[in-house]
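The values are calculated or read from the model by the stated rules, or taken from the named source; none is laboratory data. Quick caveat: nothing in here was measured; it's all calculated off a predicted structure. Please note: Cβ atoms are built from the backbone with ideal geometry, for glycine as well, and neighbour counts cover all protein chains shown. With ligands, DNA and RNA removed, areas are computed over all heavy atoms of the protein, side chains included. Shrake-Rupley method; radii C 1.70, N 1.55, O 1.52, S 1.80 Å.
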Amino acid sequence: MGNLANYQEEQTLNPVADRWSDGALYVQDTWKVKHNLTLDLGMRWQYLGQVYSAHDNIANFFPSRFDPAKCSQAAFLPGDLLDPTKCDTLNGIVTPHSSNIPSRALVSNHLGDWEPRGGIAWSPLNKFVFRVGAGMFHGRDAISQTSALGQLPPNDRTATLNNVTFSQLAPFNPATPQPPTLLGSLDPVYNNPLSYQYSGGLQYQAARDTVIEMNYVGSHQIHQGRNRNINQIPYQDLFGAYSGTLNPDLYRPYLGYSQLYVNGRDGTTRYNSFQLFANRRFTSGLEFQVAYTWSRLISSTINRDTEGRASPAQDAFNLRAEKALANQDQPQAFTVNYIYELPFFKKSSNAFMKQSLGGWEVVGIYTARNGLPQTVCIDHDVVGLTDGGQVCQRPDVIAAPNLDKGKRTILNYFKTAAFALQAPGIFGNSARNNVRGLASTISISRSLRISICHDFWARAAKVPNCNSAGNSSTSSITPNFPASTPRSFQRRTWPVRRSARRRPSAA
């Protein structure tokens, strides 16, 4: 049979059946202190049980259970292979059957999630109402924690063989040297996301059917998901890894593993906004709503929930560098929608004209928003992380990258010359999301509706400036980089269950 330079086979797909339980208790009261003053008070206790496996076929990595004495550099063989007889390949890994684990889910359950809420409505003058409110709210991310934990050994392993033939393939010998294992795990504490929300504003009745509101709305979120590689090599070894003069797997904090991605709950976000809103109820054939928001959303994470390998932090030892505009930040948003009932033939004495031509309505929606922020990434490993492109490595920024609004075009909407490739072996100083998306997104639609026995719609849509180009989380640019053109794009990878590369036979 043919010769194989490299052969990989995954032990099992290891399907995981998820289980979890939720519960809540709350008390709430509305107290009318005076005819123009109302208080709302409440307290909620919420239990959001962590997701576990019905068959206990998951595992997790606990840094506190890792024993450095169970693996040393002496266990490494040529070709970056580990001798499993000299290195514990399950060092620090726990399963639901391990002792002293926080729960069957291999992360802690949290029984102290209390959520007080309160609000005040006060009307000191006719047609004016002041409102203030605040509260705490817990939640959970997507129910997919076990999607990562089900891929860890011992429930799932990938065997790698080099320089073999198909005829040599046989049941795998656990004593066969293997490359260091890549892990995706969860922080053992794994707090439930918590949001502090607060608002205050004024409501004014401008007319009998028209209300105008001005509000401040803010929130502060903690325990947000953030991924990082806790097995990143020290700074002094980065250049050696980049240049190939040293094997990075020999200098990692947790020997025996390559990249060790952890989804933690140490990210934060903060939102502040001014919101203006006007609403006219349907009166005299007209109804409309107008809303304008001016805001800022700052975040130290892109808030990945459970996939520890998805867009990890650039530098695991400098998480402060991750604080920047959030992916969802849009400083200004404006929306108008309306319904106008055409008066023609509505009161005609001719029954046919009244039924066929009366009752038409014009319906329209107009929206305008700023573009989304983006991150500029380098298309190859400059730092020396040797992570296969999982981390967005950011370059140096040497000038303000955003062009004036009047100078932006689809092909050139920010200054590519504002970025420069940093020296090998160090992280660039560019922040996340420091380039604003191309322009606002504007959409207009108009509809005609007539009511007889059933609604009939005739719609005409016009989109004069509905551009979504560049509104991804990363940018593709061509700056003046000396070594290579930095490029980046949204990436998604799937594990290869079985792969083989054939090596030509010797003549």
For the stretch 418-438, which residues satisfy the criterion of being of a type outside the set (A, V, I, L, M, F, W, C) and either more than 18 Å from ASN370 (Cβ to Cβ) or not in a loop (DSSP other than H, G, I, E, B) (or both)? GLN422, PRO424, GLY425, GLY428, ASN429, SER430, ARG436
Residues satisfying the stated conditions in the stretch 334-376, i.e. within 44 Å of the chain's Cα centre (by Cα), small (Gly, Ala, Ser) and either modelled with pLDDT under 80 or assigned to a loop (DSSP other than H, G, I, E, B) (or both): GLY371
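So that you can scan it fast, the table gives a plain yes or no per residue for (1) surrounded by 17 or more Cβ atoms within 10 Å (Cβ to Cβ); (2) free of Cβ contacts under 8 Å to residues at least 12 places away in the same chain; (3) touching an Asp or Glu at 6+ places or on another chain (Cβ under 8 Å):
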site	(1), (2), (3)
GLN50	yes, no, no
ASP56	no, no, no
ALA59	yes, no, no
LYS70	no, no, yes
GLN73	no, no, no
LYS86	no, no, no
Among the numbered criteria (1) open to solvent by less than 40 Å² (accessible area, probe 1.4 Å); (2) of a type outside the set (D, E, K, R); (3) touching a Lys or Arg at 6+ places or on another chain (Cβ under 6 Å); (4) modelled with pLDDT under 95, which single criterion is violated by GLY285? (3)
ARG208 fails exactly one of (1) open to solvent by 20 Å² or more (accessible area, probe 1.4 Å); (2) under 30 Å from THR386 (Cβ atoms); (3) out of contact with any strand residue (DSSP E or B) (no Cβ under 6 Å at 6 or more places or on another chain); (4) not small (Gly, Ala, Ser), namely (2)
Checking PRO78 against (1) within 23 Å of VAL16 (Cβ to Cβ); (2) exposed (fewer than 14 other Cβ atoms within 10 Å of the Cβ); (3) free of Cβ contacts under 8 Å to residues at least 12 places away in the same chain, only one condition comes out false. Which one? (1)
The strands (runs of 3 or more DSSP E) lying entirely within the stretch 1-97 that contain at least 3 residues which are touching a Phe, Trp or Tyr at 6+ places or on another chain (Cβ under 7 Å) are 22-34, 37-48
Give the number of residues within the stretch 97-140 that are under 30 Å from SER185 (Cβ atoms), in contact (Cβ under 8 Å) with a residue 40 or more places away in the chain and under 28 Å from the mean Cα position of the chain (by Cα). 18
Scan the stretch 319-333 for residues that are of a type in the set (A, V, I, L, M) and either more than 16 Å from the chain's Cα centre (by Cα) or open to solvent by 20 Å² or more (accessible area, probe 1.4 Å) (or both) and jot them down. LEU319, ALA321, LEU325, ALA333
Pull out all pairs, ordered by first then second residue, where Cβ-Cβ is under 7 Å, the residues are six or more apart or on different chains, the first lies in the stretch 381-397 and is under 16 Å from THR245 (Cβ atoms), and the second is of a type in the set (Asp, Glu) and surrounded by 18 or more Cβ atoms within 10 Å (Cβ to Cβ). none
Within the stretch 395-439, the residues that are more than 23 Å from ARG320 (Cα to Cα) and in contact with a helix residue (DSSP H, G or I) (Cβ under 7 Å, 6 or more places away or on another chain) are none
